[in-house]
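One structure is given below, encoded as structure tokens.
Bear in mind these aren't lab numbers, they're just calculated from the coordinates by the rules spelled out. This one's a predicted model, so the numbers in the text were calculated from it and none came from an experiment. Here the Cβ is made from the backbone with ideal geometry for all residues, glycine too, and neighbour counts use every protein chain on show.
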Amino acid sequence: MDKIIMDTAGFLAGLENAFPKVYTTEEVIQEVKDSFSRQNLNMALSSGKISVFKPKQSSMQEAMEYVRQVRDSTLSKADISVLALALELRPCLVLTDDFSLQNVLRLMGIEYKSVKVKGSVNDVKEFQYICEGCGKIYKHKVPECEICGSTVVKRSKKG
């Protein structure tokens, strides 16, 4: 696999120098905030080891369609940009510890590996949001239950 895409976890783990070339997005670069990781990132950027892309709008929309299929509204704009970039650069390998991101990558048929976290997503999961008080089921994340006001939590939908 010659195209390695990294999300924030890869940069926080310092893996940008473990490969001859890595790919990422502007949104991921903006998420790297700690000074040590930022310094390593800047050195790798200036050496040309990292290619930073802005995925096409059509790829972002296609990525969002996959996200909608699993009903996971917890993915950030950076996560969606990684999905879109993976669509554009496939075949590729995405390095991420984000299980929600891995879940969508699995659905898309794109290879991924965890960076620091042991294990990874084995089956594509669809999610629903359930009120802890009355049990009302929502398709999308809501701040609180409209019926009883209790907290609504994300759960894997039973097949």
Contact order normalised by length for the chain, with contacts defined as Cα pairs under 8 Å and 6 or more residues apart; what percent is it? 21 percent
Consider the candidate values (1) 56, 32, 32; (2) 47, 36, 27; (3) 42, 41, 39; state which one is Cα extents along the principal axes in Å computed from the structure displayed. (1)
Out of Ser59, Ser35, Ser114, a Gaussian network model of the chain with alpha-carbon springs under 10 Å gives the largest mean-square fluctuation to Ser35
Can you tell which of Phe36, Phe127, Phe11 shows the greatest fluctuation in a Gaussian network model of the chain with Cα springs below 10 Å? Phe36
Using a simple spin-label model with points 7 Å from Cα along the Cα→Cβ vector, what separation in nm is obtained for Asn42 and Ser73? 3.9 nm
GNM on the chain, C-alpha springs below 10 Å: top fluctuator among Leu105, Leu83, Leu45? Leu45
Taking 7 Å along the Cα-to-C-beta vector as the label spot, tell me the Glu126-Ser58 distance in nanometres, rounded to one decimal. 2.8 nm
